[in-house]
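The values are calculated or read from the model by the stated rules, or taken from the named source; none is laboratory data. Just so we're clear, the structure is a prediction, and the values are computed from it rather than from any experiment. Cβ: placed from backbone, ideal geometry, glycine included. Neighbour counts: every protein chain shown.
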Amino acid sequence: MPESAAQNRIARHAENVMQIDVDREVQAVAALGIEWAEKNETASLLEETKKTLLAQIIAEITAAARAGGKKGLSFAQAETEALADVRYETHLREMTEARREANKARVRHETAGVRLEMLRSLMATQREEMRLSGMVR
């Protein structure tokens, strides 16, 4: 690419950078941060309640065994049945999906933050170029 064409392309990009609404960009990063926090909260709650759900299912199985006259049901047997329970499997799937969504939201937030820092740097460079060329004091 000839030097003048490259300079023209850079000048066009610099003009575009100076037209960006930084406040809007900051608000977008903040909104993505809030989305991440909310999704992370959901994932964390599901992770923290995994053992609670398992204990509840074990208790149900144990109580049902006693009510049915099965006295020989061990904790290990009840736990094995609970681990195979569809409710527990559903919980694990929801927990995993929620963590995946939280991780994706974090990537979006961090990427937007990097974009904002790049814009700030480009704007500072553009201002300095303008200052050096005598366009701004």
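Of the residues 89, 38, only one is within 30 Å of residue 21 (Cβ to Cβ) and surrounded by 11 or more Cβ atoms within 10 Å (Cβ to Cβ); which?
38
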Notebook entry, point to check: What about residue 99, is it closer than 18 Å to residue 50 by Cα and surrounded by 16 or more Cβ atoms within 10 Å (Cβ to Cβ)?
Noted result: yes
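Residues checked against (1) modelled with pLDDT of 95 or more; (2) small (Gly, Ala, Ser):
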site	(1), (2)
45	yes, no
48	yes, no
67	no, yes
70	no, no
84	yes, yes
Checklist line | First in the stretch 29-53 and part of a helix (DSSP H, G or I), second anywhere and at pLDDT below 95, Cβ under 7 Å, 6 or more apart | finding: 29/112; 29/113; 29/116; 32/112
Next item on the list: Check whether at least one residue in the stretch 115-131 is over 30 Å from residue 19 (Cβ atoms) and without any contact (Cβ under 8 Å) to a residue 40 or more places away in the chain, and report yes or no.
Entry: no
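Any residue that is of a type outside the set (S, T, N, Q), modelled with pLDDT of 95 or more and in a helix (DSSP H, G or I) - is there at least one of those in the stretch 109-116?
Step one: of the stretch 109-116, the residues of a type outside the set (S, T, N, Q) are 109-110, 112-116.
Keeping just the survivors that are modelled with pLDDT of 95 or more gives 109-110.
After this cut, where a residue has to be in a helix (DSSP H, G or I) as well, the list is 109-110.
Yes, because at least one residue in the stretch 109-116 is of a type outside the set (S, T, N, Q), modelled with pLDDT of 95 or more and in a helix (DSSP H, G or I).
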Check: In the stretch 46-86, how many residues are among the hydroxyl-bearing types (Ser, Thr, Tyr) and surrounded by 12 or more Cβ atoms within 10 Å (Cβ to Cβ)?
Finding: 3
Note to self: Could you check the stretch 68-89 and list, in sequence order, the residues that are free of Cβ contacts under 8 Å to residues at least 12 places away in the same chain, assigned to a helix (DSSP H, G or I) and not β-branched (Val, Ile, Thr)?
What the structure shows: 76, 77, 89
Next item on the list: Report, ordered by the first and then the second residue, all pairs with beta carbons closer than 7 Å, sequence separation of six or more or different chains, a first member in the stretch 54-67 that is closer than 10 Å to residue 78 by Cα, and a second member that is outside any helix (DSSP H, G or I) and modelled with pLDDT of 95 or more.
Entry: 57/85
